[in-house]
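The structure appears below as structure tokens.
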Amino acid sequence: QVQLVESGGGLVQAGGSLSLSCTASGRIFRISAMGWYRQAPAKQRELVATITSGGSTNYGDSVKGRFTISRDNANNTVYLQMNSLTPEDTAVYYCLVTGAYTYWGQGTQVTVSS
């Protein structure tokens with residue numbers, strides 16, 4: 001069984017920063033990509049950022065230049081540093097891990113107040 005444990009969400013004022021982390025454990029073989037998606041109320045889930053095992057990154061247009069994704073391959077952990085947060089970043093952030101299958105975390109709430 002695969003488990004993704006997310007941490008780091010919370011409430012922050014606009015202009016502030018938060019960092020998220022997600023650690024995968026269990027029977028996962030050859031993780032290729034890890035990353036984050038988010039879903040705001042009444043909106044579709046959207047890409048935040050992904051990172052491959054080789055370190056190649058991909059960011060959603062709305063977070064480029066503000067968010068940074070990184071990963072620790074040895075510990076199957078992915079991080080997301082979020083800077084210059086705005087109320088539009090308010091959403092539930094979901095971790096994902098892709099290997100032979102794709103696994104999703106349960107989500108962590110990020111709320112940015114104006």
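The values are calculated or read from the model by the stated rules, or taken from the named source; none is laboratory data. Because the structure is a prediction, the values reported are computed rather than measured. Don't worry about glycine lacking a Cβ; one is built from the backbone with ideal geometry, like all the others, and counts go over all protein chains shown. Just so you know, the surface numbers come from the protein's heavy atoms only, side chains and all, with ligands and any DNA or RNA stripped out. Shrake-Rupley method; radii C 1.70, N 1.55, O 1.52, S 1.80 Å.
At a glance:
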item	result
Residue check, S62 exposed (fewer than 14 other Cβ atoms within 10 Å of the Cβ) and either among the hydroxyl-bearing types (S, T, Y) or in contact with a Phe, Trp or Tyr (Cβ under 6 Å, 6 or more places away or on another chain) (or both)	no
Test: residue in the range 92-102 that is at pLDDT below 95, touching a Lys or Arg at 6+ places or on another chain (Cβ under 9 Å), surrounded by fewer than 19 Cβ atoms within 10 Å (Cβ to Cβ) and not aliphatic (A, V, I, L, M)	yes
Pair list, Cβ under 8 Å, 6 or more apart: the range 55-68 residue closer than 14 Å to E88 by Cβ, other residue part of a loop (DSSP other than H, G, I, E, B) and open to solvent by 60 Å² or more (accessible area, probe 1.4 Å)	R66/S84
Among the residues listed as S53, S113, S70, the single one being small (G, A, S) and closer than 15 Å to G8 by Cα	S70
Some residue of the range 58-69 being basic (K, R) and at positive phi	no
Any pair with Cβ under 6 angstrom, 6 or more apart, that starts in the range 85-114 at a residue that is under 17 Å from D61 (Cα atoms) and ends at one that is exposed (fewer than 13 other Cβ atoms within 10 Å of the Cβ)	P87/S114
Residue that is most open to solvent (accessible area, probe 1.4 Å) [pool: residues in the range 1-11 that are at pLDDT 90 or above and of a type in the set (A, V, I, L, M, F, W, C)]	L11
Residue check for S70: assigned to a strand (DSSP E or B) and over 13 Å from the mean Cα position of the chain (by Cα)	no
Top-ranked residue in the range 12-32 [being among the hydrophobic types (A, V, I, L, M, F, W, C) and surrounded by 12 or more Cβ atoms within 10 Å (Cβ to Cβ); ranked as farthest from L85 (Cα to Cα)]	I28
